[in-house]
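Since the structure comes first, as structure tokens, the remarks are kept for the end.
The values are calculated or read from the model by the stated rules, or taken from the named source; none is laboratory data. Every value quoted in this text rests on a predicted model; they were computed, and no experiment measured them. Quick reminder, even Gly has a Cβ in these numbers, built from the backbone with ideal geometry, and neighbours come from all protein chains shown. Surface accessibility is based on the protein's heavy atoms, side chains included, excluding ligands, DNA and RNA. Shrake-Rupley method; radii C 1.70, N 1.55, O 1.52, S 1.80 Å.
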Amino acid sequence: FATLLHLTEGNDEEDLEMASRFRSILSSMPFTLIHLTGDYPLVDYAIPARFVHVLMIVCANGMVGVAGGVLASGFTIELAAYRTKERNRTKAAKGKLNKVLGSWIRRFRWAKLSKDLKMQQETTLRRQARAQNEPPSMTTIKEALRKPAWRWAMATLIFVNAVAVVAESVPWCVKICGQAFFDYFELISVLMFTAEYLGWLYSAPVNRQFAMSRKVFIWSFFGMVDLMAIAPYWLQSTLWLCGYNVDLQIFRIFRVLCILQLEIFGDAFSLLLDTWHKCKDTMVASGLLALVVWLLGGVLFYEFENGNEALDGALDSVPGALHYTAVFLAGEWALSDFTPGGKCLCMFYCLCGIAVFAIPLGGLFEAFESSMSDRDSDISLKPPLRPLSTAATAAS
């Protein structure tokens, strides 16, 4: 295909710049390889070259991705085999250890577990006793916050807040509704979120969900999200009252984070946490390799392309080169008129670098699939519920 593009585009008298790019088969190879990865920074081709591109897209684009696909597939297979091997070795080690030190470990663990359970029970009893002496209003507020009507109202308010934050950034929306509308809506929303936060904080000593402790609620995920949603607004208001006009609009956008409190995200966060625990070691190792590829490529692009007038100074500094190198590793070639050294590095990135940089993402996908499989297995192992009539018959 590099030869065909050289023959069809190398003599293009209407576009001398394109003709210069494809003046030889060697100079055509980097651009052809970039196109074979699926990216098209150059599109102004002559009609014969366009037919070549149609043929290239239909027949050959997927072939270049085979190398990266094989590498990622091999990494995934090896990672899955490694996990299976580790599980089996851990299981075997536990079996041998139980035979040798089983009774001692069981006694030690049982003593420690009994001690922990006793302390936990004493703490729970103390908190329950203290909860009985708390004002009845705490229980009333807790039950009110748990009512479906309140939960649906807050879910609706959270969703509308997300829409309002987006709409406030659009000039024509502000022009139609007026900035005062968004300011009053933000005030009402913050007051509602603040009331909910204070309600949960006040009723925490009688709420088992937060271990009957206000400290547990404050440092819980939902408590932190609530606080991040309302704190910037009250901080800006306080500074304004003190005579300091500070714009914290960028932090006030944190109101959107309240959407994370919707119940539909509960299982998602649990699944993502399981995924992270499964792949964190792999992510660190493969991420280090990807970091080396990125940094080394950025420095080499800077060395090769520093002073290249065709790139308008885009790679004349290491930070700029690192920025564009990250774009290249994502599969997007915003620049393509490289020097010979840059073209060689470009071809290496097309063939290997992008695949290596994608390995951490492949490990994440594998861990996510493993977590989904484990969760499906846990669900399938649960005993089915008996019908009510069968249960009643057995009870009688």
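Here are some notes:
- Residue among ILE230, ILE141 that is under 29 Å from THR123 (Cβ atoms) and in contact (Cβ under 8 Å) with a residue 24 or more places away in the chain: ILE141
- Selection from segment 273-288 of residues that are open to solvent by 60 Å² or more (accessible area, probe 1.4 Å) and among the small types (Gly, Ala, Ser): ALA285
- Flag for LEU291 being assigned to a helix (DSSP H, G or I), under 30 Å from GLU17 (Cβ atoms) and either open to solvent by 30 Å² or more (accessible area, probe 1.4 Å) or not hydroxyl-bearing (Ser, Thr, Tyr) (or both): no
- Helices (runs of 4 or more DSSP H) wholly inside segment 122-232 that include at least 2 residues being open to solvent by 40 Å² or more (accessible area, probe 1.4 Å) and under 18 Å from ILE259 (Cβ atoms): 148-168, 179-203
For (1) free of Cβ contacts under 8 Å to residues at least 40 places away in the same chain; (2) in contact with a helix residue (DSSP H, G or I) (Cβ under 9 Å, 6 or more places away or on another chain); (3) surrounded by fewer than 20 Cβ atoms within 10 Å (Cβ to Cβ); (4) assigned to a helix (DSSP H, G or I), each residue gets a yes or a no:
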site	(1), (2), (3), (4)
THR3	yes, yes, yes, yes
ASN11	yes, yes, yes, no
GLU14	yes, no, yes, no
ALA19	yes, yes, yes, yes
ARG23	yes, yes, yes, no
LEU26	yes, yes, yes, yes
HIS35	yes, yes, no, yes
LEU42	no, yes, yes, no
